[in-house]
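Report on the following structure.
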Amino acid sequence: MEVKTSLLDNMIGVGDMVLLEPLTEDSFLENLKNRFDHNEIYTYIGSVVISLNPYRSLPIYTPEKVEEYRNRNFYELSPHIFALADEAYRSLRDQDKDQCILITGESGAGKTEASKLVMSYVAAVCGKGQEVNKVKEQLLQSNPVLEAFGNAKTVRNDNSSRFGKYMDIEFDFKGDPLGGVISNYLLEKSRVVKQPRGERNFHIFYQLLSGSSDDTLKKLKLDRDVGKYNYLSLDSAVVSGLDDAANFRTVRNAMQIVGFMEDEMQSVLELVAAVLKLGNIEFKPESRCNGIDESRVKDKNDLKEMCELLGIEQSVLERAFSYRTVEAKMEKVSTTLNVAQAYYARDALAKNLYSRLFSWLITRINGSIKAQAKTRHKVMGVLDIYGFEIFEQQDNSFEQFIINYCNEKLQQIFIELTLREEQEEYIREGIEWTNIEYFNNAIICDLIENNKNGILAMLDEECLRPGTVTDETFLDKLNTVCAEHQHFESRLSKNSKFLTDHSLPHNCFRIQHYAGKVLYGVESFVDKNNDLLYRDLSQAMYKANHSLIKQLFPEGNPAKVNLKRPPTAGFQFKASVGTLMGNLQTKNPNYIRCIKPNDKKASHVFTESLVRHQLRYLGLMENVRVRRAGYAFRQPYEPCLERYKMLCKKTWPHWRGPAREGVEVLLTDLQVPAEEFSYGRSKIFIRNPRTLFFLEEKRKQCLEDLATLIQKIYRGWKCRSHFLLLKKSQIVVAAWYRRYSQQKKYQKIKSATTVVQSYARGWQARKLLRELKYQKRCEEAATTIAAYWHGTQVRREYRKFFRANAGKKIYNFTIQRIMQKYFVGLKNNMPSMSPVDKSWPARPYLFLDGAHAALRRIFHLWRCKKYRSQFTEEKKAVYEEKLEASELFKDKKALYPSSVSQPFKGDYLEINKNPKFQKLNSALDDKVLLADVVSKINRANGKGSARIFLLTKKSVVLADQKTGQVKASVVLSDLASVSVSTQTDGFFALRLKEGTASAVKGDFLLSSEHLIEIITKLHRVGAANADKEKINVDISDEFLVQFKHDKVCVKFIQGSPKNGNNASCKRKNNRLLEVSVPNTPSTPSTP
């Protein structure tokens, strides 16, 4: 990537407007447009940065860019806001000079983003450490909080700051941040109660409704629907690109980082909710007997909820909305409020409540981020304030008047500080100072702020005057006092030119500001300046039990009643501006002028008329003229000599002497007129931009010549290097070729030799083969002849013996071969080792029938023995139980087939391992053979209750499932029989012998999912004990059960139980329990 080493390198347009030639408004505008079209949004006017809002993200704020501008000279790289931030930070850190960065521009020009970029750059380049990082994070996180409560969507900007902010960031001697202090100016609190069409109220209202949880909204007595609140506009409730819910979470997180406690955040949200509720309070007129109209609250529900939020008695606040108490000396007069006055009181309370909450937030943030150390701090101030505002016709009101007054003061201090900076540099460099002609706007500032006949003083005087005070009386006073002033115009003043100027309507006055003429409508000037809140409302607020309200309305304390009229809004703002100007005078200023390229918030759109308008009221042309009034360009000798040394043979390529002498030699050799430059102590000063461009043009030509020379030398070197490489390569190629040629020749000779050798060896081998074959045939012929001869001799000797025994031997041989074939076939077709496999190979011959059957029986017995030898004792016991279950239930109980595939586990509750049943386990004497949960059927209603069923070798135990307490214990010898049905249910009855101790409470009717296993184990335990009688198992769909003294019949029927596929028991009468079993298709039993 190409790295610029100077502002003048590869410049798009002119990077510094001081060097613009010719300097006209059109050329100024064209240069800005040219740079904007090439994504160059920053341009300099000397040390002032002009910033155009690109309305899109640009890759020029990355960490790499931060490092690129870090510790670099201001003019060393292309214009950037980081260059100004770095220059201010280094001056503060290294030269111990307090700095201030003034950011101005109209709404939507990018002032807030510019202040964020400055703060993020300073945070990135200053020191590290846990405490330092905490301070930096708190300073940065204060922005989201202030934006939520102080910013709103306007027609010009979706995130417009509706207050002026000045932050002093405090640093220690190392340049590490220690803390900060924030000051705010003129919050637009009228926006709380009314917003222009297409605009929204402050962000926090919409964020609260969108991002809060349902529980939080319930506590705040709010509804998520924006349309239910009169103070919130509906036409712009949703803004494209703004996620209010996500922003609310960001604000809460930022408040936690800054240091807000949870109860403080809840109190703040309660006040915000109270403002919304306040806007829904409406009034109706009510006539009294004396004919005076007074106001009453229409629907008291919102008033009640608001009072509950703030802890105020409803009657106190309701009275404050209906009556006003006026105190004069020792007298108190109570007057009723009509409907219009009640609405005015309601809105005044809402505006004051919100503005005081905003001021408290800033005070609370300052308490968290303020530096704790007592030593002297270095300070960098960042001012983000409204730019000059000019609306259409009479839309300019009191707010625009005091905003423009503030900008007049900023313009005044800018000119003074710029001239002072120029003068100090001239004196420092030993250059003669000449007075610079410029427009001094002190006369305009005096017109506004003069203590005797200034506009603000007359407005305050009119507000304090007894009698009827209106906006028209205020305008009449202006016409009287300011009629002769050359920068004031109205229809009745001498400067209005009424006969020819028809653009000046009634109830208006016009001021000639430094940025142009602005027409102000006097409507609401008096009310907005008064900014009155009735004392009754202040006292009602002070009576609240809310922790925050008492702090916001201290004047409501009855013990501290002050009859003195509170200062007006204009007086307060004038005092704040005076303090701000005094603060800025003590610091070294740095300026960022923000410009909005279009009104559509669209990228790549440059509206010339809009930008031209901003150029005028920002006074940028005036800035350039002041800067160019002396010397347009100045540069230290070292970089100047380094840049232009190739223009003179004496200084090229290296100058051995001092840099100043080298520059003198250079300019003398170039024959630059002496009046075009001056030598300072450390810098060269160039008067006219044409001289600088002359040097740049000469440098450009020289660089082209040098580039041509470098290209010539490089091409010669490249050709020589290429020739030497070719020569060296030719030698290598020739050597490799000769080697390759000899290798090929050798390979041919070797191949020919191999062929000849192969033919010779082949002929010898074939000759030897023929000899060996002939020898072998002779030997085989001799052997054959001998064999035939010996055979003939043997046949002659044994012929008569063979004929006598041939039949018997042939028979035995045949039988032997048949048996051998039979056994081999049997071996190859042997069935599997499973005892249930009944397959057996077919009998091949009839005479083998007996042996075939015997072998089949022997193989089956052997196979069964091998299968039985694999069983463990436990597995044998399981199969014995399964076999006994088959004998008991096969083809008798419909539930049996489904139990065949289920293993008998026995202890389903793991009673020995489960600590819950430790006490129950210790109460048993014998080993538990079966533990399961069963249902004990209640005779009264047929419902079951869960019981633990335990079976030992001696007894059956029933215990409570939850507590483990033994409910019943039956000795097996007392058990007469067990009764079950033939169907798929799990019901069984334990029938006890009459007269035994266990039979006192009667028989037990139980239900279990493991019925087959329970009955089988009971039967096996009874059969295993020789001293006990065998337990009978009765299988019937109807049997009798003894319940204490009564016998009850249990009858099983096919039906549809209420609980689905499970059997259900229902009491029919005192003698009958009916069990409904679901209809299921019969399942064939498994053997």
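Things worth noting here:
- Long pairs among LYS927/LYS993; LYS111/LYS574; LYS194/LYS452; LYS134/LYS528, criterion Cα-Cα beyond 29 Å: LYS194/LYS452; LYS134/LYS528
- Links that overshoot a 26 Å alpha carbon limit, given the list LYS913/LYS1030; LYS189/LYS550; LYS943/LYS1047; LYS913/LYS953: LYS913/LYS1030
- Structure-derived Cα Rg over 2.2 N^0.38 Å - corresponding label in (1) 1.07; (2) 1.90; (3) 1.76: (3)
- Spacing of the modelled spin labels on GLU308 and GLN423, each 7 Å from Cα toward Cβ, amounts to 6.7 nm.
- You can think of it this way: the chain between SER334 and PHE823 has 162.9 nm of extra reach, that is 0.36 nm per residue less the Cα-Cα gap.
- Between amide H atoms placed 1.01 Å from N, distances below 5 Å from ALA976 occur with ARG991, LEU992, LYS993, all of them 5 or more places distant or on a separate chain.
- For the chain, the longest principal axis of the alpha carbon atoms and the long axis of helix 471-481 meet at an angle near 40°.
- In the full protein context, segment 136-285 carries 37 Å² of accessible surface per residue, based on a 1.4 Å probe and ignoring ligands, DNA and RNA.
- Taking the protein heavy atoms of the chain in the context of the full set of protein chains, the accessible area attributed to carbon and sulfur is 53 percent at 1.4 Å.
- Straight-distance candidates among the lysines for linking to LYS378, with alpha-carbon spacing under 17 Å and chain neighbours fewer than 8 residues away dropped: LYS97, LYS136, LYS174, LYS370, LYS587.
- Among the GluC sites (Glu not before Pro) in segment 865-958, those located in a DSSP loop and surrounded by at most 13 other Cβ atoms within 10 Å of their own Cβ are GLU910.
- Cα centroid separation - segment 861-907 against segment 740-769, whole Å: 84 Å
- Accessible surface comparison of GLU421, GLU697, probe 1.4 Å, protein chains only, largest first: the order is GLU697, GLU421.
- Ordering of 646-654, 45-53, 549-557 by packing [mean C-beta count within 10 Å, highest first]: 45-53, 549-557, 646-654
- Cα gyration tensor shape of segment 98-155, rounded if a/c is under 1.5, else prolate or oblate by comparing a/b with b/c: oblate
- Residues listed by number, segment 948-978, amide nitrogen under 18 Å from LEU883 label point at 7 Å toward C-beta: none
- Accessible surface computed residue by residue for segment 659-727, with neighbouring protein chains in place and a 1.4 Å probe, gives 69 Å² per residue.
- Sequence of ASP531, ASP932, ASP214 when ordered by accessible area, the most exposed leading, probe 1.4 angstrom: ASP214, ASP531, ASP932
- Neighbours of ARG70, meaning other residues whose beta-carbon lies under 10 angstrom from its beta-carbon, give a summed charge of 0 when Lys and Arg score +1 and Asp and Glu score -1.
- For PHE677, the residues 5 or more places off, or on other chains, whose built amide H falls under 5 Å of its own are ARG687.
- Using alpha-carbon coordinates, inclination of helix 849-869 to the longest axis of the chain, degrees: 50 degrees
- Between GLU286 and LEU724, the simple label model (points 7 Å from Cα in the Cβ direction) yields a spacing of 11.0 nm.
- Per-pair calculated FRET efficiency, R0 = 30 Å: ASP176 and THR579 via Cβ, rounded to 0.05: 0.65
- In loop segments of segment 116-211 as defined by DSSP, the chymotrypsin sites (Phe, Trp or Tyr not before Pro) with at most 15 further C-beta atoms inside 10 Å of their C-beta are PHE173.
- Put a plus charge on the Cβ of each Lys and Arg, a minus charge on the Cβ of each Asp and Glu, and nothing anywhere else: the dipole of the chain about its Cα centre is then about 11160 debye.
- Residue-count net charge about LYS174 - beta-carbon cut-off 15 Å; Lys, Arg +1, Asp, Glu -1: 0
- Nearest 10 degrees, 0 to 90: helix 569-585 Cα axis against the chain principal axis: 90 degrees
- Charged neighbours of PRO589, selected by a Cβ distance under 15 Å, balance to -3 (K, R count +1; D, E count -1).
- Each residue of segment 693-700 was assigned a 3J(HN,Hα) from its phi angle through the Karplus curve 6.51 cos²θ - 1.76 cosθ + 1.60 (θ = phi - 60°); the sequence is 5, 4, 5, 5, 5, 4, 5, 4 Hz, with glycine and proline shown as x.
The values are calculated or read from the model by the stated rules, or taken from the named source; none is laboratory data. Everything numeric in this text was worked out from a predicted model, so none of it was measured. All Cβ positions, glycine included, derive from the backbone under ideal geometry; neighbour counts span all protein chains shown. In case anyone asks, the SASA skips ligands and DNA or RNA and just uses the protein heavy atoms, side chains included. Shrake-Rupley method; radii C 1.70, N 1.55, O 1.52, S 1.80 Å.
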